[in-house]
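The values are calculated or read from the model by the stated rules, or taken from the named source; none is laboratory data. Note that this is a predicted model, so its numbers are computed, not measured. Cβ placement follows ideal geometry from the backbone for every residue including glycine, while neighbour counts extend to all protein chains displayed. For the accessible areas, the whole protein counts, side chains as well, though only heavy atoms, and no ligand, DNA or RNA atoms are used. Shrake-Rupley method; radii C 1.70, N 1.55, O 1.52, S 1.80 Å.
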Amino acid sequence: MTFHIDAELLDDAASIEALIETCFGPNRKGRTVYQFRDGIPPVHELCFVARNEADRMLGSIRFWPVQTGDGRILPLLGPLAVLPECQGQGIGRTLITHGLGAAERMGFPAVLIVGKPDYYVPFGFDRGLADGLTLPGPVAPLTFMAMEFPGHEGCLDHYAGLVKPADNWSHPVFSHKDCLAS
Ligand SMILES: CC(C)(COP(=O)(O)OP(=O)(O)OC[C@H]1O[C@@H](n2cnc3c(N)ncnc32)[C@H](O)[C@@H]1OP(=O)(O)O)[C@@H](O)C(=O)NCCC(=O)NCCS
């Protein structure tokens with residue numbers, strides 16, 4: 001299957017909502033990660049979709065900003081979803097690689113995720129790297145993970161405490177030094 005990655009457009013919102021409903025079901029909003037999304041927009045520069053040649057949307061990836069106990073901002077990967085009939089063809093892998101590359105170029109030193117270890121570990125996510133951080137609710141065992149970008153190895157040693165919604169974060173006042181490890 002031929003597909004390409006595009007920046008998410010405003011017009012994609014309804015199809016993405018339908019895709020996420022299909023993949024994660026109606027109970028998804030009770031999950032701990034939804035506390036980070038309630039009333040807070042995703043990181044616009046890190047929202048991508050996969051489309052086929054007819055411009056049909058096949059998959060979506062978004063990242064939400066979260067803040068650690070000391071107020072530093074990191075992107076939380078997810079949700080990631082691919083249409084059921086298009087899964088297993090590399091779309092998810094391409095969306096993750098594209099999204100992580102964009103997060104690295106924005107200057108983030110690391111990314112967090114709550115996701116399936118067998119899927120995300122090959123992309124560099126590691127349970128141990130999230131050891132200093134706690135979530136505001138339960139998640140399935142071993143699913144809270146983090147990855148550090150090259151050149152920032154060890155940065156997560158400086159991030160600690162409870163991860164909270166980044167409700168005071170907005171792009172115009174975003175300063176990259178706020179998210180860089182000291
Ligand atoms: C998970 C999901 C996004 C994967 O997308 P996809 O396009 O089917 O994945 P890809 O084809 O890019 O597969 C990439 C690799 O992951 C593997 N993989 C795919 N789905 C997997 C799963 N559920 N668990 C473990 N590994 C998986 C593939 O075998 C492939 O391995 P390879 O690189 O060795 O060939 C997609 O199946 C989906 O939308 N599932 C429902 C929603 C979901 O579970 N999202 C993730 C939340 S943690």
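Table for the structure above
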item	result
Principal axis dimensions, largest first and in whole angstrom, of the range 15-102 by Cα	44, 31, 19
Degrees separating the helix 91-106 axis from the principal Cα axis of the chain, which is the longest one	40 degrees
Heavy atoms of H152: accessible area, 1.4 Å probe, square angstrom to 10	60 Å²
Simple spin-label estimate for T2 and N27 in nanometres, 7 Å along Cα-Cβ	4.2 nm
Radius 15 Å from Cβ of C47, net charge of other residues (Lys, Arg +1; Asp, Glu -1)	-2
Translational diffusion of the range 77-136, µm² s⁻¹ [Kirkwood Rh, Cα pairs; Stokes-Einstein; 25 °C; 0.890 mPa s]	191 µm²/s
Residue order for K164, K116 - accessible surface, 1.4 angstrom probe, largest first	K116, K164
Within the chain, helix-based [θ] at 222 nm, where runs of 4 or more DSSP H residues each add -39,500 (n - 2.57), nearest 500	-5500 deg cm²/dmol
R0 of 30 Å, Cβ-Cβ distance D131-A14: FRET efficiency to nearest 0.05	0.20
Length gained when the stretch N52-R93 is fully extended (0.36 nm per residue, less Cα-Cα span)	13.2 nm
Angle between the chain longest axis and helix 13-24 axis [Cα atoms, degrees, rounded to 10]	80 degrees
Positive minus negative residues near Y120 (Lys, Arg vs Asp, Glu; Cβ under 15 Å)	0
Rounded to the nearest 10 Å², the accessible area of D126 at probe 1.4 Å	70 Å²
Longest to shortest principal axis, alpha-carbon extents of the range 4-179, angstrom	45, 35, 31
